[in-house]
1. Against the conditions (1) under 29 Å from residue 314 (Cβ atoms); (2) at pLDDT below 65, where does residue 210 fall short? Just the number, please.
2. Considering only residues that are in a strand (DSSP E or B) and surrounded by fewer than 17 Cβ atoms within 10 Å (Cβ to Cβ), which ones fall in the range 101-110?
3. For the range 690-723, what are the residues that are closer than 20 Å to residue 510 by Cα and out of contact with any helix residue (DSSP H, G or I) (no Cβ under 9 Å at 6 or more places or on another chain)?
4. Just for the range 126-146: of the residues that are over 21 Å from residue 69 (Cα atoms) and in a strand (DSSP E or B), which one is modelled with the lowest pLDDT?
5. Name the residues in the range 351-367 that are crowded, with 23+ Cβ neighbours inside 10 Å and in a loop (DSSP other than H, G, I, E, B), would you?
6. Which ranges mark the strands (runs of 3 or more DSSP E) fully within the range 609-715 that have 3 or more residues being modelled with pLDDT of 95 or more?
7. Pick from 711, 683: which is under 46 Å from the mean Cα position of the chain (by Cα) and either in the same structural domain as residue 505 (by TED's automatic domain parsing) or crowded, with 16+ Cβ neighbours inside 10 Å (or both)?
């Protein structure tokens, strides 16, 4: 009997030993796979474009200062001596630049002085050697991250980057015997047990750094004996397979250290920037102790939530460092006097959210969503953060102004409020510099620039006049008289927005004043099918039907497509593909993607110039003439747009360097009882006045094949010198230059008219 019992006990022991060995082997394999593969899911970071500064450039000082702050530059009272420091005086901005690493540039940081006078950069000089800097490129600004389900951000660091006093602070706070124990610390466990028994409550834990790592990496937070046993076993295996420095490096990158809104801050690298705005290697002893003190309870001891509590915890860590011999009495006394001074932060979501959503649509064709949320890619975009800030501000101010003027437009429900949208593009490249798809992203994520379909109204008229240039010149006279049209057995009678006294007007004047009747007359003379074919060249995705109402924009367009189409005029006849992505770089600095310009010539440069000249008249003398009252004095071409039922208000304005489209309306189609000139144009003007760096006094260049002539504004024929009362300069395609002189205001005609008047009075 005893023999059987002995055999049974031996078998049980062997079974348990084999089970333990198999469990250990399985855990060891699992640990090795996790540690040898990617240890963390690192979100991709989305960056704005770089910012160029150069002498002679006009700037908005307030927006530039905000940008420097967003880039992490810290204002100091002394001359900047470290990377990331900034000093602002009335006549200069002195910066110690950070390193710049992009797919197209790699530059080490250096100190530079930017002399400024009356919002204009006078000079840029390197302060180290006095070198003149002709063009200065500021680093891109982080605007968003592509998160996975865990919603965390971290900056990976190597153990070599971590200063010794931070390591000592972490060990003093969490595991002073880290280099002496094999993964579990029996002495620490007994000490914690004694302390807890003495106080009758859990006051102290006995977990080592390795155990914390095992728990965070492989286990649930559940407090059970089974989980604790696994924690101990995993810790022993980790210590057996990996060196102490490697374990410590993983721990320092893994630990949870706070919360920024909905996003977790993990690792000392990210925490260093989050709390102190500097790389981890620049942390002083007091700052290192602050971070180490957070490990125990990050949100409880956060300096952003309770500075006094954070200070008390930091001082405990400093005293522990002194006790372990890692801090001298003199240094302890000095560090205890140092206040907790954080860099500060604002709780907010991603910047330029509508732009990022549009970017995500474009980049989704290149990368799987899981890759974007885990591979730590750097995504460089075309976004100009200064223009984006100006566009967002202009839209909000403009809508609030309109609601103030027209109280009937106010809505209590945030989802029903008056809406607007803005897109800013570089005409020649297609770069999207700014995109605001709505009034408030938190209320509505619907992107009205890329997803909405709205009637363009008069904003479509330039494409009718472009069609007309195939048969006529800008001096062609059009009928501006009422007329009835029959469409599908029904009658249609267009009306001008305001009563007119001139029933015959030139093409240019008709576009300048946005006359509906004359525009429809031109469309009919040109041919509705021809207008449709011309519009199709611009790649509108909405169907176009050859109805007379087409001439007045009585169909729907996507605002992004309308903006892209106006770029053709500004870019001498070529249409760019809207570009939000410039390049993608992996975490090792290798360029994976680099987007190049995609342009297509749609019309000759001669016709593009003709359209620009006519659309400049809209600004100088037509429906957009109020721009000059809003500080816009440089050459601008543009067109207002208003639907007949006042549901949509538009303004598209541009120079050779920049184009912006503004739309205002209600999502549900309620009328706003305002025109493009009164609702959208002021927003455009506010935006442009905020970004002087894009303002140019240069106008549109006259291409070969276009010639200027003086014509009579009444007849549209060559003006008779000193006879025609209203001669105007007009541009013509070389093959369409008029040869006929104005017969109405000839010298002989004027003489006969005078004699006739005299005879009339003499007869009386």
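1. Unmet for residue 210, out of (1) under 29 Å from residue 314 (Cβ atoms); (2) at pLDDT below 65: (2).
2. 101, 105, 106, 107
3. Residues satisfying the conditions are 708, 709, 710, 711, 712, 714, 715, 717, 718, 719.
4. 146
5. Across the range 351-367, the qualifying residue is only 352.
6. Once the strands (runs of 3 or more DSSP E) in the range 609-715 are filtered for at least 3 residues that are modelled with pLDDT of 95 or more, what remains is 637-642, 648-654, 659-665.
7. On the way: 711 fails: under 46 Å from the mean Cα position of the chain (by Cα).
None of the other options fit; the residue is 683.
One line per residue, one yes/no per condition, for (1) under 24 Å from residue 728 (Cα atoms); (2) crowded, with 18+ Cβ neighbours inside 10 Å:
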{"position": "483", "(1), (2)": "no, no"}
{"position": "488", "(1), (2)": "no, no"}
{"position": "495", "(1), (2)": "no, no"}
{"position": "501", "(1), (2)": "yes, no"}
{"position": "509", "(1), (2)": "yes, yes"}
{"position": "516", "(1), (2)": "yes, yes"}
{"position": "519", "(1), (2)": "yes, yes"}
{"position": "523", "(1), (2)": "no, yes"}
{"position": "526", "(1), (2)": "no, yes"}
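The values are calculated or read from the model by the stated rules, or taken from the named source; none is laboratory data. Model, not experiment: these values are computed from the prediction. Quick reminder, even Gly has a Cβ in these numbers, built from the backbone with ideal geometry, and neighbours come from all protein chains shown.
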